[in-house]
Amino acid sequence: MYVAVKGGESAIAAAHTLLAKERRGDPAVPELTTEQIREQLTLAVDRVMSEGSLYDRDLAALAIKQARGDLIEAIFLVRAYRSTLPRFGYAEPIETSAMTIRRRISATFKDLPGGQVLGPTFDYTHRLLDDSLNDGAAGTPPSPARKPVSEDAKVPHVADLLGHQGLIEPNPETESPAPVGDLTRDPLSFPAERDLRLQSLARGDEGLLLALGYSTQRGYGRTHPFAGEIRLGQVEVHLVPEELGFEVPLGTITVTECEMVNQFKGSAESPPQFTRGYGLAFGHCERKTMSMALVDRALRARELGEEIVAPAQDEEFVLSHADNVQATGFVEHLKLPHYVDFQAELQLVRQMRREWEDAQRKEAAE
Amino acid sequence: MSDAATYNFGYLDEQTKRMIRRALLKAMAIPGYQVPFASREMPMPYGWGTGGVQVTASVLGADDTLKVIDQGADDTTNAVSIRKFFERTAGIATTTHTSEATVIQTRHRIPEAPLREGQILVYQVPIPEPLRFLEPRETETRRLHALEDYGLMQVKLYEDIARHGHIATTYAYPVKVDGRYIMDPSPTPKFDNPKMDMCPAIQLFGAGREKRIYALPPYTKVVSLDFEDHPFERTKFDRGCALCGSEGIYLDEVVTDDRGGRMFVCSDTDFCESQRAAPNEAGHGLHEVPR
């Protein structure tokens with residue numbers, strides 16, 4: 001019994017001790033360091049930073065270790081820590097066209113200014129288990145001999161190349177500094193604007209976004225997407241402190257950005273042209289940003305006057321269920337005792353069965 | 001990071017508490033109305049009382065005495081966990097005695113002992129919207145509340161009666177607050193609903209995941225929904241507690257063996273213990289408990 005009348009307290013303490021032991025595993029095997037996680041499980045770190053909404057590789061690595069590799073648990077740890085941090089201000093929008101590129105591909109043009117840069121990708125690996133990774137037999141991999149593509153040159157966005165000809169909708173113009181919504185500071189209400197939708201998707205569960213993005217490709221709210229561009233690299237973050245009144249750089253972060261180019265038949269107000277779906281995440285999160293861009297475009301159905309028929313287009317459905325920390329909490333809360341309510345239901349079922357049996361008996365007698 | 005000293009009193013920073021207190025004041029001013037608030041991520045999972053914890057953190061003062069119950073008991077695992085959280089982050093006094101507590105955080109029960117003025121009862125709420133299972137869209141339910149359009153709920157209760165001969169809702173039984181808003185009393189058994197009516201204590205409801213706060217100021221009229229010819233009926237047990245003998249209180253069914261053995265005991269462990277300690281002093285014992 002996990003709770004008798006007394007004893008919950010000691011049971012909890014014992015469970016925590018057991019958990020620590022399980023986390024450590026066989027003590028004969030050297031303990032994993034957070035540096036190893038930070039350097040060698042980088043994509044896990046990136047996912048935890050993105051969905052945890054906190055750019056800190058060391059804290060993400062610590063969370064992954066503490067969570068025994070359960071990434072949603074790690075995201076939860078980071079989020080809980082994040083809510084204790086004071087909010088100094090909001091950074092200026094990052095300039096991704098000034099990104100120091102590590103990877104940049106476009107599926108819409110064979111070649112383009114800035115070039116196609118494959119970068120570190122699983123894409124063309126054959127998924128064969130590599131035995132040489134066992135026991136560190138592979139050693140240190142050699143460095144590829146080539147210089148970074150764009151040290152100083154701006155690499156223009158593919159969408160901007162199309163934009164010159166008016167073939168794609170322009171990015172919405174905003175006056176700087178435009179107020180940006182923040183769902184961690186104000187409760188989300190519907191209908192939500194695109195800034196809040198994108199924030200929600202950026203924090204949202206990769207698995208959910210993947211499934212929803214996939215569903216649009218299979219016809220549930222089809223958006224005819226092309227991967228206009230996916231880029232990965234470092235960008236500078238700037239802040240304008242109120243007391244200074246000018247921008248100061250805070251440092252660089254790695255982000256992945258995806259712009260989907262989608263067909264649009266046009267309406268009475270706007271000519272046929274391509275539309276955009278946008279995805280952005282901390283670190284290298286390609287699957288996440290591509291899915292995000294698909295779902296972002298699907299969620300623009302209302303704005304573009306498209307019929308809302310599929311789950312991925314349904315803003316309230318998507319945004320209410322995208323957060324895996326919320327979702328896992330509520331699903332897992334079913335583990336908590338519910339015996340008071342269950343008792344009430346037991347009483348009701350017993351009563352209803354009595355009534356049913358009486359009715360059966362009466363019917364038989366007649 | 002594990003050092004409690006680095007956290008503010010009650011975990012939340014003062015700005016966040018102020019934001020929550022504003023929501024609480026608004027909620028008190030419009031009894032039963034769900035006030036959106038910018039719920040924070042807490043170090044316990046959503047769905048495990050984060051709304052209640054944030055409300056409690058915002059109302060606690062250094063001289064408060066806190067009681068935490070889950071399913072009526074002080075020693076259920078989650079109650080222990082939340083009580084420890086506040087011991088650690090606020091360093092306040094805690095108790096298991098209803099009468100000694102100034103703030104009581106609860107999940108799914110209202111204590112059997114009557115509450116008094118000056119006490120605050122904080123409910124943990126999973127789904128604050130009483131119309132949610134009739135209408136899943138928040139945009140739509142907010143409109144229904146605004147227009148006081150509660151036909152859906154009336155039809156649901158009527159259909160229950162048509163099908164079963166009685167209203168088949170045993171917990172989270174909807175109430176009407178001060179003649180205006182329909183409110184979810186949190187998943188407390190309907191047995192507890194009458195205790196909400198004209199209660200001298202402040203009742204605050206926090207739903208963290210759903211980001212809503214609502215409240216019942218002291219002495220607010222709270223009516224369980226019913227029909228004239230099918231009045232609200234409180235759950236009745238045909239026996240008393242096997243341990244303390246009290247009747248007219250809510251009982252837990254404890255399975256004692258695998259041959260159908262059952263035992264019924266008080267769900268409110270503090271009440272049960274105090275009855276056994278002084279059966280006559282409190283004036284209850286084998287008698288009916290006043291609501």
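Let me confirm something: among A:Leu336, A:Leu348, A:Leu319, which residue is within 13 Å of another protein chain (Cβ to nearest Cβ), touching a strand residue (DSSP E or B) at 6+ places or on another chain (Cβ under 9 Å) and surrounded by fewer than 23 Cβ atoms within 10 Å (Cβ to Cβ)?
Details: A:Leu348 fails: touching a strand residue (DSSP E or B) at 6+ places or on another chain (Cβ under 9 Å); A:Leu319 fails: touching a strand residue (DSSP E or B) at 6+ places or on another chain (Cβ under 9 Å).
Answer to the selection: A:Leu336.
With respect to the stated conditions, B:Gly72 is facing chain A (nearest Cβ under 10 Å), at positive phi, at pLDDT 90 or above and buried (at least 22 other Cβ atoms within 10 Å of the Cβ).
Evaluate the following for B:Arg83: is it charged (D, E, K, R), in a helix (DSSP H, G or I) and over 19 Å from the mean Cα position of the chain (by Cα)?
Numbers: charged (D, E, K, R): yes; in a helix (DSSP H, G or I): yes; over 19 Å from the mean Cα position of the chain (by Cα): no.
So B:Arg83 fails the test.
In region A:246-260, the count of residues that are closer than 23 Å to A:Phe76 by Cβ and either free of Cβ contacts under 8 Å to residues at least 24 places away in the same chain or more than 16 Å from the chain's Cα centre (by Cα) (or both) is one or more.
Candidates in region B:215-254 are the residues that are part of a strand (DSSP E or B) and surrounded by fewer than 15 Cβ atoms within 10 Å (Cβ to Cβ); of these, the one that is farthest from the other protein chains (Cβ to nearest Cβ) is B:Phe227.
Quick grid of which residues meet (1) within 14 Å of another protein chain (Cβ to nearest Cβ); (2) in contact with a strand residue (DSSP E or B) (Cβ under 6 Å, 6 or more places away or on another chain); (3) closer than 20 Å to A:Leu294 by Cβ:
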site	(1), (2), (3)
A:Arg197	no, no, yes
A:Ser200	yes, no, yes
A:Arg203	yes, no, yes
A:Gly207	no, no, yes
A:Ile230	no, yes, yes
A:Gln234	no, yes, no
A:His238	no, yes, no
A:Gly245	no, no, no
A:Leu250	no, yes, no
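Return the total of residues in region B:29-40 being assigned to a loop (DSSP other than H, G, I, E, B), surrounded by fewer than 24 Cβ atoms within 10 Å (Cβ to Cβ) and within 12 Å of chain A (Cβ to nearest Cβ). Number of matching residues: 1. Within region B:41-69, the residues that satisfy the criterion of being among the charged types (D, E, K, R) and more than 10 Å from chain A (Cβ to nearest Cβ) are B:Asp63, B:Asp64, B:Lys67. In the set (1) closer than 20 Å to A:Val158 by Cβ; (2) surrounded by fewer than 19 Cβ atoms within 10 Å (Cβ to Cβ); (3) in contact with a Leu (Cβ under 8 Å, 6 or more places away or on another chain), the condition left unmet by A:Pro272 is number (3).
Look through A:Ala327, A:Ala312, A:Ala268 and report the one residue that is under 21 Å from the mean Cα position of the chain (by Cα), away from chain B (no Cβ under 14 Å) and not in a strand (DSSP E or B).
On the way: A:Ala327 fails: away from chain B (no Cβ under 14 Å); A:Ala268 fails: under 21 Å from the mean Cα position of the chain (by Cα).
Within the list A:Ala327, A:Ala312, A:Ala268, the selection yields A:Ala312.
Scanning region B:10-28 for residues that are in contact with a Lys or Arg (Cβ under 7 Å, 6 or more places away or on another chain) and either charged (D, E, K, R) or not in a loop (DSSP other than H, G, I, E, B) (or both) gives a single hit, B:Thr16. Quickly run through region B:255-271 and pick out the residues that are closer than 19 Å to A:His338 by Cα and surrounded by fewer than 16 Cβ atoms within 10 Å (Cβ to Cβ). Listed by number, the residues that qualify are B:Val255, B:Thr256, B:Arg262, B:Met263. Kindly establish whether B:Thr89 is surrounded by fewer than 23 Cβ atoms within 10 Å (Cβ to Cβ), farther than 20 Å from B:Thr50 by Cβ and in contact (Cβ under 8 Å) with a residue 12 or more places away in the chain. Criteria not met by B:Thr89.
Is there a residue being farther than 30 Å from A:Gly251 by Cα and either more than 9 Å from chain B (Cβ to nearest Cβ) or not hydroxyl-bearing (Ser, Thr, Tyr) (or both) anywhere in region A:282-291?
Scanning region A:282-291 turns up no residue that is farther than 30 Å from A:Gly251 by Cα and either more than 9 Å from chain B (Cβ to nearest Cβ) or not hydroxyl-bearing (Ser, Thr, Tyr) (or both).
Within region B:158-206, track down each residue that is over 12 Å from the mean Cα position of the chain (by Cα), more than 18 Å from A:Asp341 (Cβ to Cβ) and either crowded, with 17+ Cβ neighbours inside 10 Å or of a type in the set (S, T, N, Q) (or both). Those that are over 12 Å from the mean Cα position of the chain (by Cα), more than 18 Å from A:Asp341 (Cβ to Cβ) and either crowded, with 17+ Cβ neighbours inside 10 Å or of a type in the set (S, T, N, Q) (or both): B:Lys176, B:Val177, B:Tyr181, B:Ile182, B:Cys199, B:Ala201. For region A:197-235, filtering for residues that are under 18 Å from A:Gln263 (Cα atoms), assigned to a helix (DSSP H, G or I) and in contact with a Lys or Arg (Cβ under 7 Å, 6 or more places away or on another chain) leaves 1. Any residue at all in region B:158-174 that's farther than 30 Å from A:Val331 by Cα, within 14 Å of chain A (Cβ to nearest Cβ), touching a Phe, Trp or Tyr at 6+ places or on another chain (Cβ under 9 Å) and in a helix (DSSP H, G or I)? Within region B:158-174 (the criterion being farther than 30 Å from A:Val331 by Cα, within 14 Å of chain A (Cβ to nearest Cβ), touching a Phe, Trp or Tyr at 6+ places or on another chain (Cβ under 9 Å) and in a helix (DSSP H, G or I)), the answer is yes, since at least one residue qualifies. All conditions but one from (1) over 21 Å from A:Leu280 (Cα atoms); (2) in contact (Cβ under 8 Å) with a residue 24 or more places away in the chain; (3) out of contact with any helix residue (DSSP H, G or I) (no Cβ under 7 Å at 6 or more places or on another chain) apply to A:Asp46; the one that does not is (1). Exactly one residue among B:Arg83, B:Arg109, B:Arg18 is facing chain A (nearest Cβ under 10 Å) and more than 24 Å from B:Thr220 (Cβ to Cβ), and that residue is B:Arg83.
The values are calculated or read from the model by the stated rules, or taken from the named source; none is laboratory data. Just so we're clear, the structure is a prediction, and the values are computed from it rather than from any experiment. Every residue, glycine among them, receives a Cβ derived from its backbone with ideal geometry; neighbour counts consider all protein chains shown.
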